[in-house]
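Heads up, the thing below is written out as structure tokens.
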Amino acid sequence: MRETLAPIPPAGQPVEARAPSLRRLHRQTGFWHDALRRLLRNRLAVVGAVMVATILLVAATADILTPYPYAKTNFAHGYESPNARYPLGTDPLGRDLLSRMIYGARISMIVGVGSQVLVILIGVPIGAMAGYFGGRLDLYLMRVVDVMYAFPTLLFVILIMSALGAGLFNIFLAIGVTGWVTLCRLTRGQFLALREQEFIMGARAVGATSWQVILRHLLPNALAPIIIAVTFGVPRAIFTEAALSFIGVGINPPLPSWGGMVGEYQPYLRSYWYMATFPAVAIGLTMLSFSFLGDGLRDALDPTLRR
Amino acid sequence: MTDWTKDPAQVELFRQRSEAVGLSRREFMKILAAAAGTSVVGAVGGLAGPEPASAAAMVPDTEQVFRQPYATEPSSHDFNKDLYCGGETELFAGLTRFDPNNKAVPYVAERWETKAKGQLYVFYLHKGVKWTNGDPVTAHDFEWSFKRQLDPETKASYSAFLFDIQNGEAFNTKKPGITRDLVGVKALDDYTLQVTLESPRGYFPILMAYYSGLPAHRPSVEKYGDKWTEAANIVTNGPWKMTVWEHNKRMVFERNDAFILKPKPKLRKRISPIIATESQLATYEAGEIDRALVPLAELKRLKSDPRLSQQLHIFSLTGTFYLAPAYTQKPFDVRGVRRALAHAIDRDAIVKSVLQGIGQPAYTFVPPDAPGYLDPKKYSWIKEATEYNPKLAMDQLRGTPYEGGKNWPKVTLTFRRDELAGVPAQVAQAIQAMVKDNLNLSIDLEGLEGRVFRGRMYEHKIQLNYIRWYMDYPDPNDNLFLVWYSSRTGGSRHEYKDADFDKLVEQAAAAPTWDQRIALYAQAERRMLEDGAAVYVYYPFGARVYKPWVQGVPRNSAGLLAEDWNIYPGVPNEVYIVDAPGRPKLS
């Protein structure tokens, strides 16, 4: 992503700024380059990034990492406390909790990242159209957004899940359908501000089509806030999934998800502390990592906000 | 008096009465069973009773204090106006009461007689029973209370419970010309109450033992209106009186020493904090209450604790969890698949491991603490049809489209998720894993809330149903007729339809001797097992803890604990406090 984005000038500068003939800059210090430098200087953000990377890695390699299949029952070994054979213990069906945790990471990441992809796919185009074309289209689209805003999100998600039934794909859908409005408004706001800028006029003047303006000039310049929003959106989605699975309308068993595990094992908490504790800690750490990273990204990408 | 339980018309009327007040069919049947005089034979293994009454002496009367939590705040204690107000029933004494066997026995009425073939009841009241303000309890109190309950102005939501009383329904539904005076309850004098019924009703004394028959104190109701059951205003006639009611926090009941009827409480005081069911055990362990319900999830810890394990009461819920495959839906329209399912479920593993022994493996429908239980050791066909054997399970698929565990369609198992603190979900997952391992059949799980579940079940829109049946009255008819009999007009629970099975159940119900009946019911069970109509999984138990200083929880005639779990409310009238280490000195 960085490679394609690197040559983009900071917001507000004409495209010509990067023309080699100007040779104003001693060395190339593009916006993204600066941002990365700022990000790396932020320790918490680095910690967050490393943790996010680790979780992603675990999620990606879950099949290799799990000592047992996540759904493998072993009734002779139910309710076992953490031990050498089962490092995080077993559940009432004798399933290995470590394997379920590792697989749960995959589910959480799929839900978190997947639903944000859906959010981007719905939110950004609609926001872009509203912001760029303005007028009646903007008016109508924004009223739709207002209506969507009026629903309490979690309630709406539960409603959708009850209608569609539990399942991974339905969770995407539910979170995507309710989550796009924030991103849509954000994109529209960015586009509204940017489209009046001189470099856009310049692009139009040299004959760029609307699509070219949107995709090549407006979108790249609006990307920073979108990235930040999505980074915060991932943990929100993970948490929503956890909440849904907790109340039993989320992921279908035996597929493990952290929220589902907390919900399923919560009654056992006082007898078997380890069953619900580890997935709860995992949810907490994931939320924290993404928040650190998100904060760091915001500081890095939007220098005007700093200090 | 003839036995009304043999008269279908009366039983049907009684059912309608029960239904009108939202009384669960189970409770209705329990009352019915008690009336019919059938009794439970105990054959349940592994049920831990309380410690036998220890030699420890009862503590002095001033210290007879029992801390008994309430799960929810009552809306009032006015059973006349709202049968299900959730209040304390033992504040009041009705004409009759239930004993630990759920039989109606004399209470405020020391005896009664029937006239006109059971259409007329005359209750003779004990003299000397008093309201807590000193007023005598008279037949006029009952007359007024029943009429109050029937009066449309009272807007009592469950007044239909008294519709057997002549003109009761007509008065309640404001039929023209029917006045209060025409309602068939009349105090002949202070201690004689005559009740005229619409037609003979043998079960009337049972209605009187239920909360529906409790009286209210007229002067208090007239003075305070809806506020008459507040602690400061309430006047009661039962073994207990309420001295404190801090709303949403706690209630305090004290023994009514002026109460002359038996059983007289041995406790002097009951302190009832309002604590949600799921928080009760923690409060109990913190030493703040003397008894609590125990979720299964906590059992292993309690059992392994040398102290708490002594306080555990485990009692049979007299029921059966089972799987019911839908006959008309793929793949269960094939008999081999249903039979394979029976051989693919390892019930021992479920009971021993998942349930930690709180239950008993089930192979047939009738639970072991009910008459008509079929011991699998005695009947070889039970083993042949239900034995856990993965190889046998696969063999059943031979010749079906799913031979070798292939070509399975999508299968969903549906269960109730709002019961027993997540236990059904665990067992459902165990079944899911077993079916996957043994038949290579992947099933999805779907947990539904009770109301939605019931709706779907009676519409026969559940493919593979995991559900329980808590027994209502101790007779195999309760299981085999009510659940599986298909030749009836009303809605049936499952899709199973088999004329021969129905015939066996009919014959069994009508058979003259008990042995003949049991033999016919056994044949019926065999028929349905061999058809794979159901896969019985386990018989569930429940659990409670009592502090060691609480003794005397009553038992029924079968020697099983008569917990105040269903209709018998008498536990607080029977238990008492003994001296035991750790007992707080309360007064």
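Each reported figure results from applying straightforward, stated rules to the coordinates on display, with no laboratory input. Quick caveat, the model's predicted, so the values are computed rather than measured. Cβ: placed from backbone, ideal geometry, glycine included. Neighbour counts: every protein chain shown.
The table for this structure:
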read-out	value
Proxy reagent accessibility, fewest Cβ within 10 Å first, across A:V147, B:V423	A:V147, B:V423
Mean projected area (nm²) of the alpha-carbon convex hull when segment B:195-316 is viewed from all directions	11.9
19 Å Cα-Cα threshold exceeded, pairs from B:K410/B:K461; B:K186/B:K223; B:K241/B:K264; B:K223/B:K249; A:K72/B:K383; B:K269/B:K585	B:K186/B:K223; B:K223/B:K249; A:K72/B:K383
Viscosity 1.567 mPa s, 4 °C: Kirkwood-radius Stokes-Einstein D of segment B:482-547 over Cα pairs, µm²/s	95
Shielding by partners - mean other protein chain Cβ count within 10 Å, residues of A:263-272	6
Under 12 Å, Cβ to Cβ, from A:W258 - net charge with Lys/Arg +1 and Asp/Glu -1	0
Gyration tensor over alpha-carbon atoms, the protein assembly as shown, equivalent ellipsoid semi-axes in Å	62, 35, 28
Cα convex hull volume per residue for segment A:181-307 (Å³)	132
FRET efficiency for B:A499 and B:S587, using Cβ-Cβ distance with R0 set to 56 Å, rounded to 0.05	0.25
Cα-based Rg of segment B:355-466 normalised by 2.2 N^0.38 Å, two decimals	1.22
Reachable aspartates and glutamates from B:K436, criterion Cα separation under 18 angstrom, eight or more residues apart if same chain	A:D96, B:D346, B:D348, B:E387, B:D395, B:E403, B:D444, B:E446
14 Å beta-carbon shell around B:A326, net charge (K/R +1, D/E -1)	+3
Cα point-scatterer Debye curve for chain A, base-10 log of I(q)/I(0) at q = 0.07, 0.14, 0.15 Å⁻¹	-0.35, -1.07, -1.17
Backbone HN-Hα couplings from phi across segment B:570-585 [Karplus 6.51/-1.76/1.60, Hz, Gly and Pro as x]	x, 3, x, 7, 10, 6, 8, 9, 10, 6, 8, x, x, 5, x, 7
Chain A, helix-only ellipticity at 222 nm - DSSP H runs n ≥ 4, -39,500 (n - 2.57), divided by all residues, nearest 500	-22000 deg cm²/dmol
Cα-based reach from B:K497 at 13 Å (exclusive), listing aspartates and glutamates while leaving out same-chain residues under 8 positions away	B:D333, B:D531
Cβ neighbours within 10 Å from other chains - mean over B:425-435	5
Average Cα contact separation per residue, chain A, under 8 Å, 6 or more apart, as relative contact order %	25
Beta bridge orientation in the protein assembly as shown: antiparallel %, DSSP, nearest 5	80
At 1.567 mPa s and 4 °C, Stokes D of segment A:14-173 from Kirkwood alpha-carbon radius, µm² per second	62
Cα-based helix-to-principal-axis angle, B:423-439 vs chain B, degrees rounded to 10	10
Sequence-distant residues sharing a close amide H with B:R97 (under 5 Å, placed H)	B:V105, B:Y107
Chain B: projected area of the alpha-carbon convex hull, averaged over directions, in nm²	27.5
Calculated [θ] (222 nm, deg cm²/dmol) that DSSP helices of n ≥ 4 give over chain B, each run adding -39,500 (n - 2.57)	-7500 deg cm²/dmol
Whole-number percent relative contact order across chain B, with pairs defined as alpha carbons under 8 Å at least 6 apart	20
DSSP loop trypsin sites (Lys or Arg not before Pro) with at most 15 other Cβ within 10 Å: longest gap in chain B	B:1-126
Table column - 3J(HN,Hα) (Hz), segment A:258-273, Karplus curve with 6.51, -1.76, 1.60, x for Gly and Pro	4, x, x, 5, 4, x, 5, 9, 4, x, 8, 3, 7, 8, 9, 4
Efficiency of FRET between A:M201 and B:K249 - r from beta-carbon atoms, R0 51 angstrom, step 0.05	0.15
Label point distance in nm, B:N440-B:K174, each placed 7 Å from Cα along Cα→Cβ	6.9
Segment A:174-307: relative contact order in percent, alpha carbon pairs under 8 Å with at least 6 residues between	22
Calculated FRET value between B:D395 and B:Y84, using beta carbons and R₀ = 56 Å, to 0.05	0.60
Debye-sum result for segment B:446-556 in log10 I(q)/I(0), which assumes one identical scatterer on each alpha carbon, at q = 0.10, 0.12 Å⁻¹	-0.41, -0.56
Charge sum, other residues only, whose C-beta stays under 14 Å from B:Q523's C-beta, Lys/Arg counted +1 and Asp/Glu -1	-4
Exercise: per-residue mean of other protein chain Cβ atoms within 10 Å, B:344-352	2
Approximate spin-label separation A:A150-B:S199, in nm, with each point projected 7 Å along Cα-to-Cβ	5.7
